Amino acid sequence: MFLIVFIFTTMFLRLTKKYKSIMIWVALVMSNKKVVLAFSGGLDTSVCVKYLQNNQKMDVITTTVDCGQEDDFDAIRKKSKMLGAIKHVNVDAKKEFVEKYVYRSIRANGLYQGKYPLATALARPLIADKIMKVAAQEGAAAVAHGCTGKGNDQVRFDIAMSSIDPSIKIIAPIREMNLTRDRELAYAKKNNVPLNDEIKKYSTDTNIWGRAIEAGQLEDPWLEPPEEIFSLVKNKMIPPEYLEIEFEKGMPMGVDNKKMSLLDIIRYLNIKAGKHGVGVVDHIEDRVVGIKTREIYEAPAAQTILAAHKDLEQLVLTKHELSFKQLVEDKWSWMVYSGLWFDPLREDLDRFIDATQNRVSGKVKMKLQNGSFRVVGRKSKYSLYRQTLATYASDSVFDQNLAKGFIELWGMETVIANKLSKNLSKEERR
């Protein structure tokens, strides 16, 4: 009897100790009111700070990830402090953004719907990764972003953050309050959030690979975008200028006969191509959430690099490689745009793309003139172009007599199908 009482008493004490630990852990979690907010200092994220403080009663840690947007980061830090955040973190991710994200997009000729160079879309998984790292370091209970319920970025942030840690709580104040831009401005005014004139007119997002501008009068797809919205593109009437980009295995390695890092090449081309008015994309875009929207982008470096890279591929890859790679590029671009950077398929597609880039080395020459650009020359030691085959001069080595038999075989089924169709038509008329 004593032994039974002893055993039950021991089990009770152990269970009590176990449940006490669990209760302490739950209490700590419940008392943790830290949230890490992806903070740009703009309208949306500034409103988010006040919402998280006022409505959620949380301690806000703001985090800005520098992807080359050239903002006044000291001013952003001061604004965070003025809004009452308990801490501000600035992460310099320019090099990582270019070398791990933009790099892959160049090799994939990343263009959503053939026009948008994915600048914002590429930055979102990187920003999400940095936000999650700060949250882990700070022991935060949640992360937050300033995306609306109408945009693509909510999809990109939510999926990326959940892919990194599915247990983390994600708060999206603008979406949760169902704020429109006018109501957002009213909320900001009510909570003493300072706003500049640009914020009142437009919504912008910038990184080293491009700049996106939307809202305000730009929502009318008939109206031409005013020159005032552009920062990188300067539509100057200046003499034409040539540009040479050198590639090594699909990666830009130099420009105008100068070896540079990819980050410096992008900076250089944003200035050089931008001053010729190159880089504007005015696009009616299909968002992930099913809305058609008018988007304005400026991306001088992205446009010129992608055009040059694609042209060089045309010189060195077979028509079969090019045809299949186009399918892969479209899928890759769609996945990145749609927030699926962390999906295994994106990595699988990258393996194929990497395999195609071994011969994509050489130089491409472009001409910049009055808002336009075009490739005017290309060369590579892996070129599949043979002048002795292509030339119409007398030194051609191509045997034209071979063409007749080829044409007969190539069009055989087409000829037979048309002959059969005509015979059937005759029989029907009888």
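Tabulated data
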{"read-out": "Single condition Q326 does not satisfy, out of (1) within 22 Å of I159 (Cα to Cα); (2) surrounded by fewer than 19 Cβ atoms within 10 Å (Cβ to Cβ)", "value": "(1)"}
{"read-out": "Pairs where the first residue, in the stretch 86-98, is more than 13 Å from W209 (Cβ to Cβ) and the second is in a strand (DSSP E or B), C-beta under 6 Å, 6+ apart", "value": "I86/D59; K87/I61; H88/T62; V89/T63; N90/T64; V91/V65; D92/D66"}
{"read-out": "Residue in the stretch 149-176 that is nearest to the chain's Cα centre (by Cα), counting only those that are assigned to a loop (DSSP other than H, G, I, E, B) and crowded, with 17+ Cβ neighbours inside 10 Å", "value": "N152"}
{"read-out": "Pair list, Cβ under 6 Å, 6 or more apart: the stretch 177-189 residue touching a residue at least 12 places away in the same chain (Cβ under 8 Å), other residue among the aliphatic types (A, V, I, L, M) and in a helix (DSSP H, G or I)", "value": "E184/V47; Y187/V47; A188/V47"}
{"read-out": "Filter result for A121 (over 30 Å from D311 (Cβ atoms) and surrounded by 20 or more Cβ atoms within 10 Å (Cβ to Cβ))", "value": "no"}
{"read-out": "Any hit, the stretch 106-115, residues being in contact with a Cys (Cβ under 7 Å, 6 or more places away or on another chain) and either among the charged types (D, E, K, R) or not in a loop (DSSP other than H, G, I, E, B) (or both)", "value": "no"}
{"read-out": "Identity of the residue in the stretch 80-106, surrounded by 22 or more Cβ atoms within 10 Å (Cβ to Cβ) and not small (G, A, S), that ends up farthest from I353 (Cα to Cα)", "value": "L83"}
{"read-out": "Every residue from the stretch 213-258 that is β-branched (V, I, T) and loosely packed, with under 15 Cβ neighbours inside 10 Å", "value": "I238"}
{"read-out": "V316, sole failed condition from (1) buried (at least 19 other Cβ atoms within 10 Å of the Cβ); (2) out of contact with any Ser or Thr (no Cβ under 6 Å at 6 or more places or on another chain)", "value": "(2)"}
{"read-out": "Flag for K50 being at pLDDT below 95 and under 30 Å from R183 (Cβ atoms)", "value": "yes"}
{"read-out": "Any hit, the stretch 127-137, residues being of a type in the set (S, T, N, Q) and either in contact (Cβ under 8 Å) with a residue 60 or more places away in the chain or buried (at least 21 other Cβ atoms within 10 Å of the Cβ) (or both)", "value": "no"}
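The values are calculated or read from the model by the stated rules, or taken from the named source; none is laboratory data. On a predicted model such as this, the values are computed, not experimentally measured, just so you know. With ideal geometry, Cβ positions are generated from the backbone for all residues, glycine too; neighbour counts draw on all protein chains shown.
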